[in-house]
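The values are calculated or read from the model by the stated rules, or taken from the named source; none is laboratory data. The model shown is predicted, which means the values in this text are computed figures rather than measured ones. Cβ sites come from the backbone with ideal geometry, for glycine too, and all protein chains shown count toward neighbours.
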């Protein structure tokens, strides 16, 4: 979605849709990377991309059957997340293989379903590329609820999540219920993908989940610092991306993603510079 | 070092595995093994590559289920066991030790203090004397604020060692956990293991350094799919080692740094 030249004659905050977009963007930018932390650390970053494609299939099924698309989408994404986690944790196959199988099979299902059915292509288009400028008040409330749920869950289970991400076997021997933690993370990821797709679209929703934390882990040596900075980077990416899209006539989702990637590049350059300028490590 | 604990006189077995077997598909990797660790034991588990040592450790810790047999930890069935603070486990490597993982050595060691669900744990101060003490014992107090992924393999293994001892376990299980540690560090670790054992901590160590483990351990268990020897470390003969490895093995026990044996 883009702005028209008439829109720009007014201040960016004078528009209701812009206010909602900024609030939604800041919310998602703040909470999605916190969740993404534990996906990146467990080396399953691409699960967000895979689940977004599953969401597309769920949405298509919901629209074809005319049964609450959001609910059908959430159930589909949950089922896929739990299946991937099951295949991964039981060592049935490597993570990337499990993700690829789910991604391609659901993408194929989506294409077949969309091609053989008429009448909802416009809705699917907005879900593919996002429609952050089209958020309504209900969307904001859902995002607020989701953000609160993610923050509370991550805060309460921080130690368990950190232990599991550090090493699953060590976590089990420490008494952490690894299976339950992984299951909870899968459901939380599914909920985030389902209800955040509206902002960034299927193709870019993973950007705000994954990229800010990768930038944050380049800035800080400790986990809490990396998570906090990722949250700030995510929210800043949303704001700068939206402002950029307003003044330079760019697609909002794409602009947000590009800003996030710029933060990542700057973070990596900063880390390299700090390493080059500091003394060599004293190994013995 | 402060006394970590006293022996529990009522306890019969730290670990008790009876006739356990485990297979990967059609291949049996652990066959009919009966294995016990009593309070105060210092046991070395040796065997060639692929002999089932690490699989046996995973079985004993309940990380995988045996296809046959029973395992108990601290006289409780491993499936029902929940006193994990009594067990310190040091693997050779942990998946979270890669370069990008944003975790300091202090944070990693503080993970070892986990004693069950605490919803307010994130708000509690992580730097504490227990963590500093554990890093000090492991010989790496200066690495408290260093990112674990930036450390050498030997330093990372010491971090894992500190993580295991920070909770003051009653048994310490080391699975080839000092393979990357240098000679000085190895001597430090063995010295610490001796000290812990004298204080009542039971030790189970898996190592390829036959000379060192025979010298340090009270008993040795030799495994090559099944248990081929389990007894006093000094009674292990060259012939038994040759049978275990499939070729003659010469063990050098002389070490100028050691005076205890």
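Taking the options B:139, B:149, name whichever one is surrounded by 18 or more Cβ atoms within 10 Å (Cβ to Cβ) and under 29 Å from residue B:209 (Cβ atoms).
Only one candidate qualifies: B:139.
For region B:66-105, how many residues are facing chain A (nearest Cβ under 10 Å), under 30 Å from residue B:10 (Cβ atoms) and without any contact (Cβ under 8 Å) to a residue 24 or more places away in the chain?
The number of residues fulfilling the criteria is 4.
Answer yes if at least one residue in region B:182-202 is within 14 Å of chain A (Cβ to nearest Cβ) and modelled with pLDDT of 90 or more, and no otherwise.
No, region B:182-202 contains no residue that is within 14 Å of chain A (Cβ to nearest Cβ) and modelled with pLDDT of 90 or more.
Looking only at region B:98-136, count every residue that is part of a helix (DSSP H, G or I) and crowded, with 22+ Cβ neighbours inside 10 Å and tell me the total.
10
Considering only region B:142-155, how many residues are at the interface with chain A (Cβ under 10 Å from one of its Cβ atoms), in a loop (DSSP other than H, G, I, E, B) and in contact with a helix residue (DSSP H, G or I) (Cβ under 8 Å, 6 or more places away or on another chain)?
Result for region B:142-155: 3.
Looking at (1) closer than 25 Å to residue A:183 by Cβ; (2) part of a helix (DSSP H, G or I), which is the only condition residue A:127 fails?
(1)
Step by step: first the residues of region B:115-138, then only those that are touching a residue at least 12 places away in the same chain (Cβ under 8 Å) and facing another protein chain (nearest Cβ under 9 Å), then the one that is farthest from residue A:170 (Cα to Cα). Which residue is that?
Only one residue fits best here, namely B:126.
Step by step: first the residues of region B:55-64, then only those that are free of Cβ contacts under 8 Å to residues at least 24 places away in the same chain and assigned to a loop (DSSP other than H, G, I, E, B), then the one that is surrounded by the fewest Cβ atoms within 10 Å (Cβ to Cβ). Which residue is that?
B:63
Every residue in region A:73-97 that is over 18 Å from the mean Cα position of the chain (by Cα) and either under 14 Å from residue A:53 (Cα atoms) or not in a helix (DSSP H, G or I) (or both), please.
Passing the criteria: A:90, A:91, A:92, A:93, A:94.
Restricting to region A:264-284, and then to whatever is within 11 Å of chain B (Cβ to nearest Cβ) and closer than 12 Å to residue A:215 by Cα, can you tell me which residue is modelled with the highest pLDDT?
It comes out as A:268.
Would you confirm, using the coordinates I've provided, whether residue A:240 is away from every other protein chain (no Cβ under 14 Å), assigned to a helix (DSSP H, G or I) and at pLDDT 95 or above?
Here the answer is yes, as residue A:240 does meet what is asked.
Consider residue B:85 against the criteria (1) over 18 Å from the mean Cα position of the chain (by Cα); (2) within 22 Å of residue A:172 (Cβ to Cβ); (3) assigned to a helix (DSSP H, G or I): it satisfies all of them except one. Which criterion is unmet?
So the condition that residue B:85 fails would be (1).
Can residue A:175 be described as within 14 Å of chain B (Cβ to nearest Cβ) and outside any helix (DSSP H, G or I)?
Yes.
Which numbered condition in (1) modelled with pLDDT under 85; (2) within 20 Å of residue B:48 (Cβ to Cβ); (3) in contact with a strand residue (DSSP E or B) (Cβ under 8 Å, 6 or more places away or on another chain) is the only one that residue B:221 fails?
Looking at each condition in turn, residue B:221 falls short on (1).
Give the residue, chosen from B:176, B:198, B:186, that is more than 23 Å from residue B:49 (Cα to Cα) and surrounded by fewer than 22 Cβ atoms within 10 Å (Cβ to Cβ).
Residue meeting the stated conditions: B:198.
From A:216, A:184, grab the single residue that is more than 30 Å from residue A:254 (Cβ to Cβ) and assigned to a helix (DSSP H, G or I). Steps first, please.
On the way: A:216 fails: more than 30 Å from residue A:254 (Cβ to Cβ).
None of the other options fit; the residue is A:184.
For region A:239-263, give me each residue that is surrounded by fewer than 19 Cβ atoms within 10 Å (Cβ to Cβ), in contact (Cβ under 8 Å) with a residue 40 or more places away in the chain and over 17 Å from the mean Cα position of the chain (by Cα).
The answer is A:243, A:247, A:249, A:250.
Could you check region B:156-183 and list, in sequence order, the residues that are in a helix (DSSP H, G or I) and in contact with a helix residue (DSSP H, G or I) (Cβ under 6 Å, 6 or more places away or on another chain)?
Answer for region B:156-183, where residues must be in a helix (DSSP H, G or I) and in contact with a helix residue (DSSP H, G or I) (Cβ under 6 Å, 6 or more places away or on another chain): B:156, B:159, B:162, B:163, B:165.
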